[in-house]
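Here's the structure we're looking at; comments come further down.
The values are calculated or read from the model by the stated rules, or taken from the named source; none is laboratory data. As the structure is a computational prediction, the values presented were derived from the model and not from experiment. Here the Cβ positions follow ideal geometry from the backbone for every residue, glycine too, while neighbour counts run over all protein chains shown. Calculation scope for accessible area: heavy atoms of the full protein, side chains included, ligands and nucleic acids excluded. Shrake-Rupley method; radii C 1.70, N 1.55, O 1.52, S 1.80 Å.
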Amino acid sequence: AYRLKLEGKKAVAVCFFGDGCASTTDFHSGLNFAATLKAPVIFFCRNNGYAISTSVAEQYSGDGIVSRAPGYGMAAIRVDGTDVFAVSAAVREARKYAIEHSAPVLIEAMSYRLGHHSTSDDSLRYRSAKEVQRFTDESDPLSRFQQFLQRHTDISDNELNKIEETEKSGVIDAMRKAEKKSPPSMDALFTDVYHNLPPSLLEQQAQLKAHLEKYPE
């Protein structure tokens, strides 16, 4: 984002994260840097109610994530994260603001994680099936959007099924292509931030190479 500013480009960077990340020091450091440097960046927080197994009730006692923005002198907005039109409008306006003012914007999209956190997670150990079903029935974003299309357009069930199958195939194809790509070089661990590596990273890079030469497996 800061590079975009220095180069005078009419563009923004976007940082996506969850409510759990907002409890880390990196979150606060990132917002503070962006605000003080006047960097055109959108911080998009998907507040889905849980940081793995920790509910938001156990993460903070204040008014969510969006209320933290004023403390950094940032603009912010909270939006219904299950409403595709609301999210689109919020991001569009945030981008416009970030470019016009060369400043960061925080978006808190309120949603709910319907599935498990990962394949190793059993979310029913810390939340009830009734709770999950209630949110599935009331605020599944795909269902809401589908119902909107059915009520306000002439789209047929057959067309909706075709769209769903096309998107599923697209995701699977993208995953297969990604899995065939070669892994990045180990040097990428050190070259993704600095143009000229500082002595500390040069030392770490040399130590890693020596370790891999000694233990190639």
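List of remarks:
- Every condition in (1) closer than 30 Å to T82 by Cβ; (2) open to solvent by less than 90 Å² (accessible area, probe 1.4 Å) is met by L212 except one, and the failing one is (1).
- Answer from Y50, Y72 - the residue that is of a type outside the set (D, E, K, R) and more than 30 Å from D122 (Cα to Cα): Y72
- Complete set of residues in segment 1-22 that are of a type in the set (D, E) and farther than 30 Å from T54 by Cβ: E7
- Restricted to segment 130-141, and to residues there that are surrounded by 12 or more Cβ atoms within 10 Å (Cβ to Cβ) and not small (G, A, S), the residue that is farthest from V87 (Cα to Cα) is E131.
- Any pair with Cβ under 6 angstrom, 6 or more apart, that starts in segment 175-193 at a residue that is free of Cβ contacts under 8 Å to residues at least 60 places away in the same chain and ends at one that is assigned to a helix (DSSP H, G or I) and surrounded by 10 or more Cβ atoms within 10 Å (Cβ to Cβ): F190/L201; F190/Q205
- Restricting S200, S185, S169 to residues that are outside any helix (DSSP H, G or I) and open to solvent by less than 100 Å² (accessible area, probe 1.4 Å) narrows the list to S185.
- Boolean, I77 is part of a helix (DSSP H, G or I), open to solvent by 30 Å² or more (accessible area, probe 1.4 Å) and on the phi < 0 side of the Ramachandran plot: no
- Residue match in segment 46-54 (condition: surrounded by fewer than 17 Cβ atoms within 10 Å (Cβ to Cβ), assigned to a loop (DSSP other than H, G, I, E, B) and either more than 18 Å from the chain's Cα centre (by Cα) or not charged (D, E, K, R) (or both)): yes
- A single member of R144, R113, R95 is in contact (Cβ under 8 Å) with a residue 40 or more places away in the chain, assigned to a loop (DSSP other than H, G, I, E, B) and either surrounded by 12 or more Cβ atoms within 10 Å (Cβ to Cβ) or touching a helix residue (DSSP H, G or I) at 6+ places or on another chain (Cβ under 6 Å) (or both), and it is R113.
- Qualifying residue in segment 147-158 (condition: assigned to a loop (DSSP other than H, G, I, E, B) and exposed (fewer than 10 other Cβ atoms within 10 Å of the Cβ)): yes
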